[in-house]
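See below for the structure under consideration.
The values are calculated or read from the model by the stated rules, or taken from the named source; none is laboratory data. Predicted, not measured: the structure shown is a model, and the values here were computed from it. Here the Cβ positions follow ideal geometry from the backbone for every residue, glycine too, while neighbour counts run over all protein chains shown. All accessible areas refer to the heavy atoms of the entire protein, side chains included, with ligands and DNA or RNA removed. Shrake-Rupley method; radii C 1.70, N 1.55, O 1.52, S 1.80 Å.
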Amino acid sequence: AKTGDSDAAASLSRVTGLTLKEGKYIYVRGLGERYSATLFNGVALPSPDPSRRVVPLDLFPVQFLESMVVQKSYSPDMPGQFGGGVVMLQTKSLPEKFFVKASIGQSFYSNLNEIKTYQGGSTDWMGVDDGGRKLPPNTTGENRDLSTFLEKNRHRISDQGTETLPEVSFSVGDIWNPRKFKLGYTLSGLYKDGASYRDEKRHRYRQQDGQFFAEQDFNRRKWQKERVLGGIGTWSAQYSKDHSITANVIGIRNTTDYVAIQDGTNAEGNRVRTTEREWAARTLNSLLVQGDNKIASDWLGLGWHYSQSRARRDEPDRITDRYSPDKDGRYVFGIAEDTAYQRRFYDLQERVEDIGLDLSSKLPWFYKKKLEVSLGTSLMRKDRQSNMRRFGLNLEGPCDADLHNNLDSIIDQCKEAFSISDNTQNTDTYTATQNLTSYYFRSQVPLLSRLDLSTGIRYERSIQDVNTLAFFSGEGVSSVLTTNDWLPGTSLTYKLNKKMQVRAAYSETISRPDLRELSDTRWRDFDTGYDITGNPDLKATVISNYDLRWEWYFAPRENISFGLFYKNFENPIEQEFRAASDPRIQFLNAEGARSYGGELEFAKRLKFITPWLRNFSISGNYAYIFSRVNLGNLDQVELSEPNRPMQGQSNYTANLLLDYENEVYRLNASLAYNVYGRRVTFSAPEGLPNVWEEPFHQLNLVIGKNLSENLKITGKVVNILDGEYRYTQGGQLWRGGRRGQTYTIGLSMEI
């Protein structure tokens, strides 16, 4: 609330040692998103992003969440897929009484003068396609008919105003107490309409005769609309404090709709202009039922859960066209070129079922404390299906249209001269499953009056089966990865006094490849714009974790802590960027890696300096991280920077929050600063330097004023500094631009 962050991803970037990637993915202790896990009310969720194993956290509006917990030290009751840490999202619990909350807000954008768009559908404003973009019928089989592709001309680019609809959210809840029962519910809903513009420079480099120079030089402008529509419901029943059952239902839909125009010089030295039109919907739906029961008084407890979740990325009818200059320098549509016009239909669906059972017991022990023992089992099954269809344009007859005109005009005049070809590749479809069975034992033992031991072990058996299928023949290649892992976890906590303690921990964890990373397929990374290929020979990464932490909570809302950590990786998975004639990103196992560092966190009121500062407080954190990856004889290629950090590993992260709160005037304000150190984005072979993401400084301001007991007005400015985000290679700009500033004013009410 103080920082004004609108989703879980942005909010979590304020936590010590956490950084944000592409506005969606959290890096814990600088490690890539593959080394973090996300749990929703204690269970795993599927991902609607084909390029990532983890759930993009920008899907979760903060209005739906009660708390977010980051656990950086592994314990055996957590999933073994654990590297930097696990993020636990907890939805709102039962209210203490009836309430209604509602808010409305409007955003404005500093770098957005107009929005370029194309003909969409009547329900685009809701983030729902009306069916006009779906794949035409009769496009499969031997007798498929592709002539209907050009019946709807969706190619015209037009200008639209920058106005967006207001963001609206609401929450309502109530509770009843009939006799020994407690019955309650909480319902929340959200609609958000946003826009953005990026003017980005893109370069690609190559090495020749010892010289490093740019072979591609592009300017890419992108206008994007984003809509979020979601709702969540929680129902709970409790009997005599010993038995409870809770059901959570969540549905979130995040839709992006954009036009991108890229203009510049390609690797052959020719100028080209490419226009992209894309609509993509990410949806996440989940049902979770949990039970908590006390059996035989207080010494035995039974917990259980069942969840069923579905995620989908639906990207229908992505249209790309390319124009090149004629002898007079005027852009002309490449009507005779096979790749000058492309249409793509992509659909990814993933389903996860998770069922688990936990038993816990508290037994008498020395020092007037109790020995806590817990054990449990769970079974998780994940099913994924990915389909892509590709189509091109062929010239079959004479076309008298002026090829300098816009594409919609050319197609209208020469529709009868064109035919559509099916260019779907044999690696564009795959199916995958993962079956994960786990058992764990954990105990918490008070060794001394001030010393507690938590120890246990987890066993996981995982079978990942990926099948790449040719779309028409059904023939394909299968890849199976089976792992059996014993994952111990132990920690010691020593309480120096009531406000100070020291903790030490050791554990072994695992990071398995994503299902798609095991598939010998090729797909587009939606964030970077580059193609990615999987690797059926990938191995799981085994991680040894060591942690030491000192904490002092010396006053309410005032604390300081310092921690050290060390991690050793066996077979870490890295991404390598190949910049040859067929540029793409590939996954490979390095030989090993290590990462270690320190973390400092503090919060302090400033009234100790002078009474004039009694309404001010300051908090912040800083993490320094050092890592090195041992590439070994990776892929037998020449590397210009073999001694480098792990991919995605920042060497530092820092946050600072200055807060002002005046209860008399019901006014609060906060200034939040965030920065992370440079990190390797891709490892580059063939003697090329690695691609680095440079530090980005962000400063946000949030001001809130209570107009009455139930009414509050807020204003915020995001990205005040508006610095340039930069990716570099060999000290030269690889990709970069500015995000612009966002100004939001809102009004909220609670009764």
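Observations
Residue-wise test of (1) open to solvent by less than 20 Å² (accessible area, probe 1.4 Å); (2) in contact with a Phe, Trp or Tyr (Cβ under 7 Å, 6 or more places away or on another chain); (3) closer than 27 Å to Gly120 by Cα; (4) touching a residue at least 12 places away in the same chain (Cβ under 8 Å).
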{"residue": "Ser240", "(1), (2), (3), (4)": "no, no, no, yes"}
{"residue": "Ser244", "(1), (2), (3), (4)": "no, no, no, yes"}
{"residue": "Asn254", "(1), (2), (3), (4)": "yes, no, yes, yes"}
{"residue": "Ala260", "(1), (2), (3), (4)": "yes, no, yes, yes"}
{"residue": "Gly264", "(1), (2), (3), (4)": "yes, yes, no, yes"}
{"residue": "Glu268", "(1), (2), (3), (4)": "no, no, no, no"}
{"residue": "Thr274", "(1), (2), (3), (4)": "no, no, yes, yes"}
{"residue": "Asn285", "(1), (2), (3), (4)": "no, no, yes, yes"}
{"residue": "Val289", "(1), (2), (3), (4)": "no, yes, no, yes"}
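- Just so you know, in segment 445-459 the residues that are outside any loop (DSSP other than H, G, I, E, B) and among the hydroxyl-bearing types (Ser, Thr, Tyr) include one that is least open to solvent (accessible area, probe 1.4 Å), and it is Ser454.
- When restricted to residues that are without any contact (Cβ under 8 Å) to a residue 12 or more places away in the chain and either in contact with a His (Cβ under 7 Å, 6 or more places away or on another chain) or closer than 16 Å to Gln732 by Cβ (or both), segment 183-209 contains 1.
- Residue match in segment 195-216 (condition: closer than 20 Å to Ile751 by Cα and under 32 Å from the mean Cα position of the chain (by Cα)): no
- When Arg442, Arg384 are checked against the criterion of being touching a residue at least 40 places away in the same chain (Cβ under 8 Å), more than 30 Å from Leu496 (Cα to Cα) and either touching a strand residue (DSSP E or B) at 6+ places or on another chain (Cβ under 7 Å) or not in a strand (DSSP E or B) (or both), a single residue qualifies: Arg384.
- Residues of segment 390-432 satisfying the condition of being part of a strand (DSSP E or B) and either crowded, with 16+ Cβ neighbours inside 10 Å or touching a Lys or Arg at 6+ places or on another chain (Cβ under 6 Å) (or both): Arg390, Phe391, Gly392, Leu393, Phe418, Ile420, Thr429, Tyr430, Thr431, Ala432
- Residue check for Ala280: outside any strand (DSSP E or B) and either open to solvent by 70 Å² or more (accessible area, probe 1.4 Å) or of a type in the set (A, V, I, L, M) (or both): no
- Every pair of residues 6+ apart whose Cβ atoms lie under 8 Å, when the first sits in segment 136-148 and is over 20 Å from Arg318 (Cα atoms) and surrounded by 12 or more Cβ atoms within 10 Å (Cβ to Cβ) while the second is acidic (Asp, Glu) and at pLDDT 70 or above: Arg144/Asp422
- Long-range neighbours under 7 Å by Cβ, at least six apart or interchain, first residue assigned to a loop (DSSP other than H, G, I, E, B) within segment 170-182, second open to solvent by 30 Å² or more (accessible area, probe 1.4 Å): Lys180/Tyr239; Lys180/Ser240
Yes or no, residue by residue, for (1) out of contact with any Cys (no Cβ under 7 Å at 6 or more places or on another chain); (2) part of a loop (DSSP other than H, G, I, E, B); (3) open to solvent by 40 Å² or more (accessible area, probe 1.4 Å); (4) over 30 Å from Gly233 (Cβ atoms):
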{"site": "Glu96", "(1), (2), (3), (4)": "yes, yes, yes, no"}
{"site": "Gly105", "(1), (2), (3), (4)": "yes, no, no, no"}
{"site": "Asn111", "(1), (2), (3), (4)": "yes, yes, yes, yes"}
{"site": "Thr117", "(1), (2), (3), (4)": "yes, no, no, yes"}
{"site": "Trp125", "(1), (2), (3), (4)": "yes, no, yes, no"}
{"site": "Gly132", "(1), (2), (3), (4)": "yes, yes, no, yes"}
{"site": "Thr164", "(1), (2), (3), (4)": "yes, yes, no, no"}
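- Test: residue in segment 712-721 that is over 21 Å from Ser103 (Cβ atoms), without any contact (Cβ under 8 Å) to a residue 40 or more places away in the chain, open to solvent by less than 10 Å² (accessible area, probe 1.4 Å) and not aliphatic (A, V, I, L, M): yes
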